[in-house]
Amino acid sequence: MRYAWLYILLLPLYEVCVSQTPETRARWIPLEEDSIRVEYHLPDTDALRPVVLVLSDRYGQQANIRATLKVLATLGFRAYSMPLLSAPEQSFSAIPPAHVDSSDIQRVLNVAVELMNEDGSNGRLKLLAADIGANVAMEVVARFPFFKGAALFYPAGGVKALKRLLDARCPLILHVAQYDPDCTLADVNVLREEFMERGKKLQVYYYKDSRRFFFNPEHPDYHSKNTQSAWTQLHQFFRQP
């Protein structure tokens, strides 16, 4: 594989960044009645670069999100994350209930528009989101056509929630864990059939021996090998126009 050496380097970087909680820069983006603190890492280049906006799983903005920003910047992307009302920061000792705060839809839209139009951006923005963040992302790409892609890890809510992706108008990749009762392969296969019936494309990556939250190094269900495989697909996806 052309970039195999890069993937060998990136996973250790990801895990080291999590363990050391890498420093990130931050800025405040004004909203209509409030403002939101956005964390970011930028690539070491003056060239115009695409933007990746990261939305966390239900455990909120923790070290794994900052590590993800660091890796994305290393790959050459302008990487940002924002807190979600749907995902307050909380302990990994239990699995909190999944709930989408509808206010997050407009908040993500406002931040996305700001990031697309800032100096250094080439105007192309994709989403990387997991769990409840993926549910927010599904709603965003279903409503607004200007997103250039979304990489989603195990959205919550089964096939009923997944069907929202049928209204998306951008490229999609979906990452599914083998042992995940809330986003099963059977659910995804139902979705794939509907995509095919409509002449639309959905890329699905299935990870054996993994459970929900396998992409989060801070979670007990983290799976290092599958995370490395996922980063391979993410890099290829985000490099596409």
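Nothing in this text is a laboratory measurement; each read-out follows from the coordinates by a stated rule. No experiment lies behind these values; they were computed from the predicted model shown. In this analysis, Cβ positions are derived from the backbone assuming ideal geometry, glycine residues included, and neighbour counts consider all displayed protein chains.
Adding -39500 (n - 2.57) for every DSSP H run of four residues or longer, then dividing by how many residues the chain holds, sets the calculated 222 nm ellipticity at -11500 deg cm²/dmol.
Spin-label model, R25/D209: points 7 Å from Cα along the beta carbon direction are separated by 4.1 nm. Legend: ranking of residues D209, D180, D221 from fewest to most surrounding C-beta atoms inside 10 Å; resulting order D209, D221, D180. For the chain, the gyration tensor built on C-alpha atoms gives a rounded shape. Its axis ratio a/c (a ≥ b ≥ c) stays under 1.5.
Annotation: amide H of L55 within the under-5 Å range of L128, A129, A130, sequence separation 5 or more or interchain, hydrogens built in the peptide plane.
Taking every C-alpha pair closer than 8 Å and separated by at least 6 residues, the mean separation divided by the residue count of the chain gives a relative contact order of 16 percent. Here the relative contact order of region 30-77, from alpha carbon pairs under 8 Å that lie six or more residues apart, stands at 55 percent. Each of A177, V111, Y40 was scored by the projection of its Cα onto the charge dipole of the chain, and the greatest displacement toward the positive side belongs to A177; charges sit on the C-beta of Lys, Arg, Asp and Glu. For the chain, the dipole from Cβ point charges (+1 on Lys and Arg, -1 on Asp and Glu) about the Cα centre works out to 820 debye, to the nearest 20.
So which GluC sites (Glu not before Pro) in region 81-160 are both in a DSSP loop and have at most 16 other Cβ atoms within 10 Å of their Cβ? Intermediate values should be presented prior to the final figure.
Working: sites: E89, E114, E118, E139; in loops: E89, E118.
Hits after loop and neighbour filter: E89, E118.
Rounded, prolate or oblate, given the Cα gyration tensor of region 27-82, with a/c below 1.5 counting as rounded? Oblate shape, in that a/c is at least 1.5 and b/c is the bigger or equal ratio. Each of the trypsin sites (Lys or Arg not before Pro) that DSSP puts in a loop and that has at most 16 other Cβ atoms within 10 Å breaks the chain; the longest unbroken stretch is 3-168.
In this structure, E194 and R143 have a Cβ-Cβ separation that, at R0 = 30 Å, corresponds to a calculated FRET efficiency of about 0.95. Quick check: from the Cα gyration tensor, does region 48-143 come out rounded (a/c under 1.5), prolate or oblate? Oblate, since a/c reaches 1.5 and b/c is not below a/b.
Each label point was placed 7 Å from the Cα along the Cα-to-Cβ direction; for D119 and A94 their separation is 4.8 nm.
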